[in-house]
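Since the structure comes first, as structure tokens, the remarks are kept for the end.
The values are calculated or read from the model by the stated rules, or taken from the named source; none is laboratory data. All values derive from a computational prediction rather than experimental measurement. Cβ placement follows ideal geometry from the backbone for every residue including glycine, while neighbour counts extend to all protein chains displayed.
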Amino acid sequence: MSYQIEVHYNRAMIRYALNRFMLQRIGVWTLLLTIAALFCMPILLIFWNNLILLMFTIGLWLGVSLWGIIYLLRLRQSELILSKMSCPVAQMTFTPQHVIVSSSLGSSELKWLAFDEILQFKQAWLLIYARSGYINIPVQAMSDELRAFILACFKQAHAQQAPLK
């Protein structure tokens with residue numbers, strides 16, 4: 001048994017997936033605490049002129065800047081791929097052995113074992129591979145039967161995997 005769907009990509013869909021992916025990786029509390037620290041540290045630095053506090057503030061700003069650069073690079077890369085497609089449409093085929101994604105740029109085939117996890121969001125599912133790559137599948141393109149099939153294939157592939165010693 002196999003399922004095939006056609007997905008029409010756009011910039012909003014790509015941004016939604018990237019935003020959810022990055023937020024899931026960082027964590028909501030980490031993001032909120034970092035934002036609070038970004039605003040509190042300069043104020044504390046004014047009242048307590050401390051070298052360690054200054055170094056921590058600079059490190060925090062550098063870390064946030066690095067995260068921002070990574071986000072912008074990933075967004076730019078995704079939008080560049082979208083702009084290179086003559087038609088922003090991908091055909092996805094799901095079989096018990098693998099997932100095939102084809103578009104005007106070519107096709108890729110990945111076995112279910114290549115996927116590390118499945119992130120399920122309100123508007124999209126992300127099939128994560130190599131811890132930082134993902135296949136973006138809009139929820140409206142999937143039937144309930146296909147969702148169950150994807151989860152079952154993923155679980156079966158990982159249940160058959162021998163544990164590392």
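Identify the residue in the stretch 127-148 that is in a loop (DSSP other than H, G, I, E, B) and not polar (S, T, N, Q) and, among all such residues, is farthest from the chain's Cα centre (by Cα). The qualifying residue farthest from the chain's Cα centre (by Cα) is MET142.
Here's the yes/no breakdown for (1) surrounded by 12 or more Cβ atoms within 10 Å (Cβ to Cβ); (2) under 13 Å from the mean Cα position of the chain (by Cα); (3) touching a residue at least 12 places away in the same chain (Cβ under 8 Å); (4) not in a strand (DSSP E or B):
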residue	(1), (2), (3), (4)
SER102	yes, no, yes, no
LEU113	yes, no, yes, yes
TRP125	yes, yes, yes, no
ILE150	yes, no, yes, yes
ALA157	yes, no, yes, yes
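For the stretch 20-73, give me the residue count where each residue is outside any helix (DSSP H, G or I) and within 30 Å of TRP125 (Cβ to Cβ).
1
Does SER86 count as of a type in the set (S, T, N, Q) and not in a loop (DSSP other than H, G, I, E, B)? Taking the combined requirement at face value, the residue does not satisfy it. With respect to the conditions (1) at pLDDT 90 or above; (2) within 30 Å of ALA36 (Cα to Cα), ILE58 falls short on a single one, namely (1). So which residues in the stretch 61-100 are within 15 Å of the chain's Cα centre (by Cα) and surrounded by 14 or more Cβ atoms within 10 Å (Cβ to Cβ), if there are any at all? Those that are within 15 Å of the chain's Cα centre (by Cα) and surrounded by 14 or more Cβ atoms within 10 Å (Cβ to Cβ): TRP67, TYR71, ARG74, LEU75, SER78, GLU79.
Could you say which residue among ILE58, ILE35, ILE26, ILE43 is surrounded by fewer than 11 Cβ atoms within 10 Å (Cβ to Cβ) and not assigned by TED's automatic domain parsing to the domain that holds GLU145?
On the way: ILE58 fails: surrounded by fewer than 11 Cβ atoms within 10 Å (Cβ to Cβ); ILE35 fails: surrounded by fewer than 11 Cβ atoms within 10 Å (Cβ to Cβ); ILE26 fails: surrounded by fewer than 11 Cβ atoms within 10 Å (Cβ to Cβ).
The unique qualifying residue is ILE43.
Quick check on ALA17: is it in contact with a strand residue (DSSP E or B) (Cβ under 6 Å, 6 or more places away or on another chain), within 23 Å of TRP125 (Cα to Cα), at pLDDT 85 or above and assigned to a helix (DSSP H, G or I)?
It is true that ALA17 is in contact with a strand residue (DSSP E or B) (Cβ under 6 Å, 6 or more places away or on another chain), within 23 Å of TRP125 (Cα to Cα), at pLDDT 85 or above and assigned to a helix (DSSP H, G or I).
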